[in-house]
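To start, the structure itself, in structure tokens.
The values are calculated or read from the model by the stated rules, or taken from the named source; none is laboratory data. Here the structure is a predicted model, which means the values were calculated and not measured. So basically every Cβ, Gly included, is an ideal-geometry build from the backbone, and we count neighbours across all protein chains shown. These area figures cover heavy atoms from the full protein model, side chains too; ligands, DNA and RNA do not enter into them. Shrake-Rupley method; radii C 1.70, N 1.55, O 1.52, S 1.80 Å.
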Amino acid sequence: MTEPTFLRTNRRLALADVLALTGARAPSGADSALRIDRVVPLEEARVGDLSLFTHPRYRAALATTRASACFVRPRHAALVPESTLAIQTEDPQRAVAIVLAALFPAAVHPGSLFGGTGISPGANVHPDARIEDAVIVDPGTVVGPRAEIGTGTRIGPNAVIGPDVRIGRNCSIGPHASIQFALVGDRVIMHTGVKIGQDGFGFVIGDKSHAKVPQIGRVIIQDDVEIGANTTVDRGTLVDTVVGEGTKIDNLVQVGHNVTIGRHCIIVAQTGISGSTSLGDFVLLGGQVGVAGHLHIGNGAHIAAQSGVVRDIGEGVRMAGTPARPIRAYLRENLARARAEGKAKRGRRQSELAE
């Protein structure tokens, strides 16, 4: 079996290109025409490769790397071996991301999985749908009546775009995604299996039966949002569910009805946000965080992984644990518990020895 290469690039960058793209600084006298062939980890690098150094734990790999150049923070530049150019930047990870985006644009904006252009004969597009120029619709896709799709957008195979849905320009909708009752902005990326706009989980609990509450709201997804595979965003009951500009949502996240997520939030995998909760801007939720309903999390708050949020959280607060509490208190509790357990264990050993 031949080894497949899934992402290819025909572009080659010189050191001068790398510096211009990232704003990084090379040592005085560095060859600006130096060719960069690949971007790889330190231990895999060879002559012609670019790498990065982000933490002292990788010092041994840096010392033996064969990379031609390496992004590094100024305070770590002295650790770079003489055979490697120390390209100084305050944020090596961001610099590498910029270079990778230049080399592999398809990894940033996924294209047609079928390799086609235009609307595939195997797609089912309602005659009342409005499709702008340069839209790609892969086989098996269904586009409902009065749906509108903006120029430059790519719709993957077997996706379903419901009636009256609006999708902006230069978006990427992955295979098997489903979008209904939604307005989607520009440059939005939805990965495989994303489900947008289905019923929120709304029932009036009764002694003999539970009455379903009709969900008549929408989902509003603003510009530059990215949503990971198999994430679900429910439509609102009476108001809209909103995902703010620039927010990034990981795989397998559940966003309940009426939730409002602010701008540039980060929501990591397996998080669940219950209905009618609101997040401010630049909120970060770690993996497997659970957020109860009808709460507010303030701008810039960070919630550690596996935390359970059961009350409002103010701006800029760092929380951890279940129930979530200030992270310093959480760490103190864990330290006190560890000390108590250690003391109890030593006591049991002494008792055993005394016997």
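Here are the numbers for this structure:
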| quantity | calculated |
| --- | --- |
| Test: residue in the stretch 207-230 that is open to solvent by 70 Å² or more (accessible area, probe 1.4 Å), among the small types (G, A, S), part of a loop (DSSP other than H, G, I, E, B) and farther than 24 Å from G174 by Cβ | yes |
| Tally of residues being on the phi > 0 side of the Ramachandran plot and β-branched (V, I, T) across the stretch 217-265 | 0 |
| Residue that is least open to solvent (accessible area, probe 1.4 Å) [pool: residues in the stretch 21-33 that are within 13 Å of A86 (Cβ to Cβ), in contact with a strand residue (DSSP E or B) (Cβ under 8 Å, 6 or more places away or on another chain) and part of a loop (DSSP other than H, G, I, E, B)] | A24 |
| Qualifying residues in the stretch 4-20 (those that are open to solvent by less than 70 Å² (accessible area, probe 1.4 Å) and in contact (Cβ under 8 Å) with a residue 60 or more places away in the chain) - the one nearest to L113 (Cα to Cα) | T9 |
| Qualifying positions in the stretch 27-84 - within 23 Å of A102 (Cβ to Cβ) and of a type in the set (S, T, N, Q) | S32, S51, T54, T65, S68, T84 |
| Some residue of the stretch 71-92 being among the basic types (K, R), open to solvent by 40 Å² or more (accessible area, probe 1.4 Å) and closer than 20 Å to V18 by Cβ | yes |
| Residue match in the stretch 87-96 (condition: in contact with a helix residue (DSSP H, G or I) (Cβ under 8 Å, 6 or more places away or on another chain), touching a residue at least 60 places away in the same chain (Cβ under 8 Å) and in a loop (DSSP other than H, G, I, E, B)) | yes |
| Subset of the stretch 105-117 [part of a loop (DSSP other than H, G, I, E, B) and either open to solvent by 90 Å² or more (accessible area, probe 1.4 Å) or closer than 16 Å to N170 by Cβ (or both)] | H109, P110, G111, S112, L113, F114, T117 |
| Any hit, the stretch 46-67, residues being polar (S, T, N, Q), under 29 Å from the mean Cα position of the chain (by Cα) and surrounded by 12 or more Cβ atoms within 10 Å (Cβ to Cβ) | yes |
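For every residue, the table says whether it meets (1) within 20 Å of L252 (Cα to Cα); (2) without any contact (Cβ under 8 Å) to a residue 24 or more places away in the chain; (3) in contact with a Lys or Arg (Cβ under 6 Å, 6 or more places away or on another chain).
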position	(1), (2), (3)
T153	no, yes, no
A159	yes, yes, no
G162	no, no, no
R166	no, yes, no
N170	no, no, yes
I189	yes, no, no
G193	yes, no, no
V204	no, yes, no
